[in-house]
Structure formats: structure tokens, C-alpha cells
Amino acid sequence: MRHRVDAVLRAFVDGKYATARRTGLPEDVPRALAGFLAAGGKRIRPRLCVMGWQAAGGEGERGLAQAVQVGAALEMFHAFCLVHDDVMDDSDTRRGRPTVHRALAARFREGRSRELADAVGTSTAILAGDLALLWSDELLHDPDHGLGAAESARLRPLMNLMREEAMYGQCLDLLSTGRPTADATPALAVIRYKTAKYTCERPLQIGAALAGAAEPLMRQLSAFALPLGEAFQLRDDLLGAFGDPQETGKSDLDDLRGGKHTVLVSIALAAATSAQGCRLRALYGDPRLDAAGAETVRALLRETGADQAVERLITDRFQQALTALDVLAVPAAVRRQLRSLADKVVWRNS
């Protein structure tokens with residue numbers, strides 16, 4: 001399925017690139033998105049979409065092609081989210097490569113000052129993200145490979161809801177940045193809306209809706225997907241603080257400099273002594289944090305037991321997902337696929 005989704009994305013972006021060349025429009029945007037999509041990614045959302053379709057009894061090559069096409073649309077929406085997220089976080093690397101705004105800035109540097117090239121690169125990356133959002137909808141409704149009227153009507157409310165939830169989740173994340181507290185409730189809300197819903201719950205439900213799933217199955221899928229998505233993001237928070245950049249493809253300083261209100265930091269602040277809390281607040285979120293300061297932050301997270309507490313939360317959420325999976329009314333092969341995917345997204349190091 002991954003190869004099929006990648007083939008759809010590659011053909012679509014190649015077509016956009018060819019159109020830009022033929023009409024004299026800037027080729028930089030489709031080139032940048034093509035490079036970003038080709039750089040990797042777990043393709044979790046397309047895979048869950050296809051599994052959701054299978055879970056609801058989807059069958060036949062036409063239906064499978066539709067599920068793959070919808071999965072490709074979800075991956076293009078994910079590209080929109082990541083490109084904009086990297087701009088908002090001022091990140092340098094993603095998937096082991098320069099982020100889209102950094103790559104475009106480097107491309108535009110000739111004849112411009114560094115400051116102007118950076119500004120043009122950032123602005124162009126925002127437009128690239130906007131186009132990825134538009135193109136995700138175009139992929140969804142491609143007349144040659146897309147959906148019929150009945151399928152579109154079933155998917156449209158879920159697609160709209162997923163997009164809205166993801167954007168509200170990002171907004172919650174931004175509003176709490178730089179103001180971490182010992183209260184983990186806001187951080188858990190960010191996890192649910194920014195990640196769990198749009199990474200796991202909605203893609204699985206969208207695939208199931210494509211196959212005409214009834215409401216009871218949709219609720220069962222949600223009971224599995226939401227704790228799985230929360231475990232996924234909790235793991236991501238740990239990797240952001242403790243991960244190896246060679247494996248994660250991201251800087252090990254960005255999250256610590258960004259000052260995000262994560263569950264990890266909330267637990268640390270709640271457990272910290274007065275001295276530890278003062279030190280953590282002074283360093284965490286400092287945009288000039290260096291490697292030595294980052295090691296001090298990591299030491300504080302360990303000393304307060306926050307890292308192990310988050311590991312326990314991950315295990316708890318993972319077990320919740322497996323309990324829901326055990327009673328999920330789906331074919332045995334789909335159950336095995338979902339269990340395998342759950343293992344990979346939760347117990348990962350990248």
C-alpha cells in the first residue's frame with residue numbers, strides 16, 4: 001500500500017511540476033513538495049485509511065484504488081501540516097533534510113541578502129503548504145481515480161472535521177507555547193486534537209466510511225485509535241527531548257528551545273523541587289539553549305522521573321488500544337495489521 005500511495009503522490013506532483021514548466025509558473029513549489037514527499041515519512045495515515053476500508057468489509061480493485069487515492073490525499077494534507085508546522089517552529093531539519101522553508105531560502109539566496117532570502121523562503125514555504133492543502137482536496141476528488149457522489153457525501157463531513165480539529169490542535173499548541181505549567185490538562189488536549197485525531201482516529205474512520213461502515217463500527221475504531229494516537233504523540237515528545245537526531249531526522253534542540261507545553265514537562269514541573277523547577281523554567285524554552293543547557297534539561301527531566309512517568313502513560317494508552325482492538329468486529333487479517341502498526345508507531349525510536 002505504501003508503494004501504491006507513493007506512486008499516486010509522485011504522479012500527481014510530477015503533473016503539477018510539468019504544468020508549471022509549460023505555463024511559465026514557478027517550479028520551486030512543486031519541486032519542493034516533491035522532495036519533501038520523497039524524503040520519507042511513516043505513511044501512517046494512508047495505511048490506516050486502507051485498513052479502515054478493509055475493516056468495514058471493503059473489497060474489489062476499484063474500492064482499493066479509491067482507498068489508496070484517499071490515503072494519498074491524507075498524506076498530502078499531512079505535508080501541508082508539517083510544512084506550516086516547521087515554519088511556525090522555525091525548525092531547520094525534517095526527515096534528515098532541510099525543512100522546506102530552509103531549502104527554499106538556500107535556493108533563493110543568489111543575489112539576495114541572507115535575511116531577504118530567508119524571508120522569501122519562509123513566505124514561499126507558506127504558499128507551498130497552502131497548495132498542499134488545496135492539492136489534498138484535488139487528490140480526493142480526482143475525476144479519473146476519485147470518489148463517486150455517494151462516497152464523497154460520506155467522506156466530506158469527516159474530512160472537514162479532521163482538518164478543523166488539526167488546525168485547532170495546532171492553535172492550542174501555539175497558545176500554550178512558552179507557558180508550560182504543572183497542569184498537564186492543556187498538553188493532553190493538544191495531543192488529542194493535534195495528533196491523535198488526525199493521525200489515527202479520522203484516517204481509520206475515513207477509510208471505514210468509504211466502505212460504508214455503520215456507526216457502531218466507527219465508535220469501535222475510535223476506541224482503538226484515540227489512545228493509540230495519544231501514545232504516538234507521547235512517544236514523539238520523548239524522542240523530541242531524548243531522541244538521536246540521526247534516527248529521528250530532527251534536531252534534538254528544537255523541542256527544548258521551543259518551550260512547548262508538553263505532558264513530559266508538565267510532569268517534571270509537578271514533581272520538581274523548588275530549585276529544580278526554577279532551573280527547568282530558566283532553560284526550557286530558551287531560544288539560545290546550547291548543547292550543555294539541553295543536557296541539563298534532560299537531566300532534570302530524568303531526575304524528576306518525568307521520562308519514566310511518560311513511558312508509563314504510553315504503556316497505559318497502548319494497553320487501552322489493544323483492549324479495544326480485541327473486541328473490534330473486523331476480519332482477523334485486519335486485526336493483525338492494526339496490531340502490527342500499533343507496535344511500530346508506539347515502540348519506535350524515530
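The values are calculated or read from the model by the stated rules, or taken from the named source; none is laboratory data. Quick caveat, the model's predicted, so the values are computed rather than measured. Using ideal geometry, Cβ is built from the backbone for each residue, glycine included, and neighbour counts are taken over all protein chains shown.
State whether one or more residues within the range 81-90 are of a type in the set (Val, Ile, Thr), assigned to a helix (DSSP H, G or I), more than 19 Å from ALA208 (Cβ to Cβ) and in contact (Cβ under 8 Å) with a residue 24 or more places away in the chain. I'd like the intermediate steps shown before the answer.
Here is the first cut: in the range 81-90, the ones of a type in the set (Val, Ile, Thr) are 83, 87.
From what's left, assigned to a helix (DSSP H, G or I): 83, 87.
Okay, now just the ones that are also more than 19 Å from ALA208 (Cβ to Cβ), so 83, 87.
Checking which are in contact (Cβ under 8 Å) with a residue 24 or more places away in the chain leaves us with 83, 87.
For the range 81-90, residues of a type in the set (Val, Ile, Thr), assigned to a helix (DSSP H, G or I), more than 19 Å from ALA208 (Cβ to Cβ) and in contact (Cβ under 8 Å) with a residue 24 or more places away in the chain: present.
Could you grab me the full set of residues in the range 159-198 that are of a type in the set (Lys, Arg) and either part of a helix (DSSP H, G or I) or modelled with pLDDT of 95 or more (or both)? Spell out how you get there, then give the answer.
Pass one, the range 159-198, residues of a type in the set (Lys, Arg): 163, 179, 192, 194, 197.
The answer is ARG163, ARG192, LYS194, LYS197.
Would you pick out the residues in the range 315-334 that are surrounded by 20 or more Cβ atoms within 10 Å (Cβ to Cβ) and under 21 Å from the mean Cα position of the chain (by Cα)?
If the condition is that a residue be surrounded by 20 or more Cβ atoms within 10 Å (Cβ to Cβ) and under 21 Å from the mean Cα position of the chain (by Cα), then ARG317, PHE318, ALA321 are the ones that fit.
Looking at ASP173, ASP137, ASP183, can you tell me which residue is surrounded by fewer than 18 Cβ atoms within 10 Å (Cβ to Cβ) and closer than 28 Å to VAL29 by Cα?
Every option except ASP137 fails the conditions.
On the basis of being within 19 Å of LEU155 (Cβ to Cβ) and either in contact (Cβ under 8 Å) with a residue 12 or more places away in the chain or crowded, with 21+ Cβ neighbours inside 10 Å (or both), does GLY40 make the cut?
Spelling it out, it is not the case that GLY40 is within 19 Å of LEU155 (Cβ to Cβ) and either in contact (Cβ under 8 Å) with a residue 12 or more places away in the chain or crowded, with 21+ Cβ neighbours inside 10 Å (or both).
Out of the residues in the range 22-54 meeting the condition of being charged (D, E, K, R) and in a helix (DSSP H, G or I), tell me which one is farthest from GLY207 (Cα to Cα).
Top of the filtered list is ARG22.
May I ask you to list the residues in the range 152-183 that are among the hydroxyl-bearing types (Ser, Thr, Tyr) and farther than 21 Å from VAL83 by Cβ?
SER152, SER176, THR181
Just checking, does the range 304-315 include any residue being more than 29 Å from ARG2 (Cα to Cα), outside any helix (DSSP H, G or I) and not assigned by TED's automatic domain parsing to the domain that holds THR93?
Looking through the range 304-315, at least one residue is more than 29 Å from ARG2 (Cα to Cα), outside any helix (DSSP H, G or I) and not assigned by TED's automatic domain parsing to the domain that holds THR93.
Out of the range 110-140, which residues are free of Cβ contacts under 8 Å to residues at least 60 places away in the same chain and closer than 30 Å to GLU247 by Cβ?
The answer is ASP118, GLY121, THR122, ILE126, GLY129, LEU133.
Quick check: anything in the range 47-57 hydrophobic (A, V, I, L, M, F, W, C), farther than 20 Å from ARG335 by Cβ and in contact (Cβ under 8 Å) with a residue 60 or more places away in the chain? Talk me through it step by step, then tell me what you get.
Our first condition is that a residue be hydrophobic (A, V, I, L, M, F, W, C); within the range 47-57, this holds for 48-51, 53, 55-56.
Of the ones still in play, those that are also farther than 20 Å from ARG335 by Cβ are none.
Checked against the condition, which is being hydrophobic (A, V, I, L, M, F, W, C), farther than 20 Å from ARG335 by Cβ and in contact (Cβ under 8 Å) with a residue 60 or more places away in the chain, the range 47-57 yields no hits at all.
Report, by residue number, each residue of the range 141-178 that is in contact (Cβ under 8 Å) with a residue 24 or more places away in the chain and more than 19 Å from the chain's Cα centre (by Cα).
Residues satisfying the conditions are ASP142, HIS145, GLY146, LEU147, GLU151, ARG154, LEU155, GLY178.
Write out, first by first residue and then by second, each pair whose Cβ atoms fall under 9 Å of each other, whose residues are 6+ apart or on separate chains, and whose first residue, in the range 328-350, is not assigned by TED's automatic domain parsing to the domain that holds ARG47 while the second is hydroxyl-bearing (Ser, Thr, Tyr) and in a helix (DSSP H, G or I).
VAL345/THR199; VAL346/THR315; ASN349/THR248; SER350/THR248
Kindly indicate whether any position in the range 199-216 is β-branched (Val, Ile, Thr), part of a helix (DSSP H, G or I), in contact (Cβ under 8 Å) with a residue 40 or more places away in the chain and out of contact with any Leu (no Cβ under 7 Å at 6 or more places or on another chain). Show your work before the answer.
Of the residues in the range 199-216, the ones β-branched (Val, Ile, Thr) are 199, 206.
Then drop every residue that is not part of a helix (DSSP H, G or I), which leaves 199, 206.
Next cut, in contact (Cβ under 8 Å) with a residue 40 or more places away in the chain only: 199, 206.
Those left that are additionally out of contact with any Leu (no Cβ under 7 Å at 6 or more places or on another chain): 199.
Yes, because at least one residue in the range 199-216 is β-branched (Val, Ile, Thr), part of a helix (DSSP H, G or I), in contact (Cβ under 8 Å) with a residue 40 or more places away in the chain and out of contact with any Leu (no Cβ under 7 Å at 6 or more places or on another chain).
Inspect all residues belonging to the range 306-318 and state whether any of them is basic (Lys, Arg) and in contact (Cβ under 8 Å) with a residue 40 or more places away in the chain.
Within the range 306-318, one or more residues are basic (Lys, Arg) and in contact (Cβ under 8 Å) with a residue 40 or more places away in the chain.
List pairs: first in the range 4-17 and assigned by TED's automatic domain parsing to the domain that holds GLU75 and within 18 Å of LEU64 (Cα to Cα), second crowded, with 22+ Cβ neighbours inside 10 Å and of a type in the set (Gly, Ala, Ser), Cβ under 6 Å, 6+ apart or cross-chain?
Between residues of the range 4-17 that are assigned by TED's automatic domain parsing to the domain that holds GLU75 and within 18 Å of LEU64 (Cα to Cα) and residues that are crowded, with 22+ Cβ neighbours inside 10 Å and of a type in the set (Gly, Ala, Ser), the close pairs are VAL5/GLY71; VAL5/ALA72; VAL8/ALA72; LEU9/ALA72.
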